[in-house]
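The values are calculated or read from the model by the stated rules, or taken from the named source; none is laboratory data. These numbers come from a predicted model, not from an experiment. Positions of Cβ are generated from backbone atoms using ideal geometry, with glycine treated the same way; all protein chains shown enter the neighbour counts.
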């Protein structure tokens, strides 16, 4: 056990020595790997924020039943009671014409649009919230159909279509991210493999001597695998630092554009799990690249 | 002197090295070694002589499994090198020290680091590596040079580093390929004295050399190779001074 620890320490030192000896080529490999991880990290950021938005919208999912002008307050209340009894409905809120006007005025630019209007053009409505476990497309459709058949309901509105479209966009971004990540990852793998191969050739004499004094095959190979892992992790840290810097530089500048694309102005940075995942991806690419280099070479 | 036939191989009960009709061929029909049989006992020092191309280096390479025989069997420390699996070679090499004519030192590592390599691959604790390396360098008279790099040292000093590396883990067999080939007469004697001292400590030693003056001076058992064949096996003390 003690000997194994000393051997492990020696192997790590050998890997660090190898990195120092080929600082320029290793640096290029780390930089290339970092660029790929920044791209993959950007997709992760977008997807993570789209997920958050979907969760937020999902919890606010409701169907709006716009009511006919002629309905009295009592009839509206009666209608609301009937709607509340429908399966899957969690709560029903009556929104009067006045309340609808107030809410519209609070929205950005809403007050300006209302200037000059002599009477309130907005209808009264019922906001129907679904129970959390009944927020699927089928449930929304069923409640909408039931509402459409009720007297006094003029028109229906729901955020369901928007949610479905947004989810499709998220799937597209995720697919693009994976596709681009896979292609760039493969290219980077080749770069890391070639870097390790160059290091391997530069240290052939050392490997021969180590072999002659009784170093095992594992002992000869492990430092290169450690080099791959260290390069990958260094690239991961660099990529995270770059992403963090870019994120905090870009978010205030993009403002409205982000609201249009993501649906909100205050996106969040990668979670700890995503950040560790990015580091692990870097380390994984590094070690696989190193293993590929070793597989293609005949060591002493 | 004892002239040998192809089948002659002196029987030694405590032999650490045994060759049985060993041949090595790199090209069909051309032999670097041809039908060589011999035994070398524990603690014995043997010179391997012959002109360039006689097969001295090939014979040594077969003994530490850098090459495999084309025919015959080789027993080194009880292991059959002819059929030894790749993963078992390192274990054999840890028991066999090798000194090369071209030293095979790492130029960017210090003298101390070069010698320590042989212990580090075994997972020897750092403190023990330091003390044993220092003791070994002291034995070859280079303790004051331990922080230098090999290219800044003389040929004799580099050969002493190579010898120190070969001996630092106390091998049972020492193989030296022309260890004095590039050295002046004074350094030649210095290095050979160190090798002979190691044999006196119980290590089996094989030294390949074409320097017959050296062979006569030390009067050790001598094997003469020519064109890959073992032509003579001269017992210790049979050379005239």
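Quick look at the values:
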read-out	value
Residue list for the stretch A:153-183, filter: more than 18 Å from the chain's Cα centre (by Cα) and outside any strand (DSSP E or B)	A:159, A:160, A:161, A:162, A:183
Of all residues in the stretch B:114-128 being crowded, with 20+ Cβ neighbours inside 10 Å and more than 8 Å from chain A (Cβ to nearest Cβ), the one that is farthest from residue B:16 (Cα to Cα)	B:114
Test for residue A:79: is it modelled with pLDDT of 85 or more, within 14 Å of chain B (Cβ to nearest Cβ) and outside any loop (DSSP other than H, G, I, E, B)	no
Test: residue in the stretch B:136-154 that is surrounded by 23 or more Cβ atoms within 10 Å (Cβ to Cβ) and within 14 Å of chain A (Cβ to nearest Cβ)	yes
Single residue of the stretch B:56-89 satisfying the filter (assigned to a helix (DSSP H, G or I), within 15 Å of residue B:173 (Cα to Cα) and touching a residue at least 12 places away in the same chain (Cβ under 8 Å)) that is nearest to the other protein chains (Cβ to nearest Cβ)	B:89
When residues of the stretch A:203-221 are limited to those that are within 41 Å of the chain's Cα centre (by Cα) and within 12 Å of chain B (Cβ to nearest Cβ), the one surrounded by the fewest Cβ atoms within 10 Å (Cβ to Cβ)	A:218
Tally, over the stretch A:155-168, of residues that are exposed (fewer than 14 other Cβ atoms within 10 Å of the Cβ) and touching a residue at least 60 places away in the same chain (Cβ under 8 Å)	2
Matching option when the condition is part of a helix (DSSP H, G or I), surrounded by 14 or more Cβ atoms within 10 Å (Cβ to Cβ), in contact with a helix residue (DSSP H, G or I) (Cβ under 8 Å, 6 or more places away or on another chain) and more than 14 Å from chain B (Cβ to nearest Cβ), among A:104, A:6	A:104
Residue, nearest to the chain's Cα centre (by Cα), within the stretch A:128-152, restricted to residues that are outside any helix (DSSP H, G or I) and under 23 Å from residue A:68 (Cβ atoms)	A:129
Test: residue in the stretch A:231-244 that is in a helix (DSSP H, G or I), closer than 30 Å to residue B:104 by Cβ and at pLDDT 90 or above	yes
Among (1) more than 16 Å from the chain's Cα centre (by Cα); (2) part of a helix (DSSP H, G or I); (3) at pLDDT below 85, the one test that residue A:226 misses	(3)
Candidate set: the stretch B:90-100, residues that are crowded, with 22+ Cβ neighbours inside 10 Å and not in a helix (DSSP H, G or I); chosen: the one farthest from the other protein chains (Cβ to nearest Cβ)	B:99
Odd one out for residue B:131 among (1) within 19 Å of the chain's Cα centre (by Cα); (2) surrounded by fewer than 21 Cβ atoms within 10 Å (Cβ to Cβ); (3) closer than 20 Å to residue A:3 by Cβ; (4) away from chain A (no Cβ under 11 Å)	(1)
Strands (runs of 3 or more DSSP E) wholly inside the stretch B:148-241 containing at least 1 residues that are touching a helix residue (DSSP H, G or I) at 6+ places or on another chain (Cβ under 8 Å)	B:173-177, B:204-208, B:221-226
Residue match in the stretch B:101-112 (condition: within 13 Å of chain A (Cβ to nearest Cβ), at negative phi, outside any loop (DSSP other than H, G, I, E, B) and touching a residue at least 12 places away in the same chain (Cβ under 8 Å))	no
Complete set of residues in the stretch A:9-34 that are more than 12 Å from every other protein chain (Cβ to nearest Cβ), surrounded by 20 or more Cβ atoms within 10 Å (Cβ to Cβ) and either under 16 Å from residue B:120 (Cα atoms) or in contact with a strand residue (DSSP E or B) (Cβ under 7 Å, 6 or more places away or on another chain) (or both)	A:15
Residue check, residue A:190 closer than 24 Å to residue A:43 by Cα, more than 14 Å from chain B (Cβ to nearest Cβ) and assigned to a helix (DSSP H, G or I)	yes
Number of positions in the stretch B:159-171 that are out of contact with any strand residue (DSSP E or B) (no Cβ under 6 Å at 6 or more places or on another chain) and either over 15 Å from residue B:102 (Cβ atoms) or surrounded by fewer than 22 Cβ atoms within 10 Å (Cβ to Cβ) (or both)	4
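Residue-by-condition table, conditions (1) under 21 Å from residue A:172 (Cβ atoms); (2) touching a strand residue (DSSP E or B) at 6+ places or on another chain (Cβ under 9 Å); (3) modelled with pLDDT of 90 or more:
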site: A:38; (1), (2), (3): yes, no, yes
site: A:48; (1), (2), (3): yes, no, no
site: A:53; (1), (2), (3): yes, no, no
site: A:74; (1), (2), (3): no, no, no
